[in-house]
Amino acid sequence: KEDPLRKKSNLLAIILNQRPEGFLPFAAGEDVSPVMDYHAMRACLRVGLVEVVDEALRTSLINRSIISPADEWAVRLACYRAYEQLVTRSGKRYGAVGWFLFSSMRRYCLEMGLPDCASCHLETVCAQRRELFQPILRTAFY
């Protein structure tokens, strides 16, 4: 089954585009769609780019429970749309926006450790929803 958001092919396109050799040049104004994996979803949830209004889903994310494919898709699509808005509003290419959030999450808002909010450059705008975790679902999409 193919990933409808094409995470892997979009990531490959970014990597090939950003190589010094410029293996895959983009046309002026051309960009790839957001690369939506569990790191990106965790960023959206914790920073507050998306709001989880379904209490049962919110509880599942907090408890790090396995969720249904439909619930994972709802979170993933909401996060994808939030990233699209960030790209549009910032005027930056997706590669810059995605890398900024990805590197921030990997450095300061660890998946399995305590977040270091005081050191994070997102601290003043972050919702600091440390309790939220990315959706848990077995998938080959990311």
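For region 29-142, the equivalent ellipsoid derived from the Cα gyration tensor has semi-axes of 21, 18, 12 Å, listed largest first. Using C-alpha pairs below 8 Å separated by at least 6 residues, the relative contact order for the chain is 37 percent.
Each Lys and Arg Cβ is given +1 and each Asp and Glu Cβ -1; about its Cα centre, the chain then shows a dipole of about 200 debye.
Between Phe133, Leu122, Asn17, the Cα set farthest toward the positive side of the dipole of the chain (charges on each charged residue's Cβ, about the Cα centre) is that of Asn17. Membrane-span-like helices in the chain (whole DSSP H runs, Cα extent of at least 20 Å along the helix axis, mean Kyte-Doolittle hydropathy of at least 0.0): 94-108. Considering only Pro4, Met105, Val52, the residue lying farthest towards the positive end of the dipole of region 1-117 is Met105, judged by Cα position with unit charges set on Cβ.
Since every read-out is calculated from the coordinates, none of them should be taken as a lab result. As the structure is a computational prediction, the values presented were derived from the model and not from experiment. Here Cβ is always computed from backbone atoms with ideal geometry, including for glycine, and neighbour counts include all displayed protein chains.
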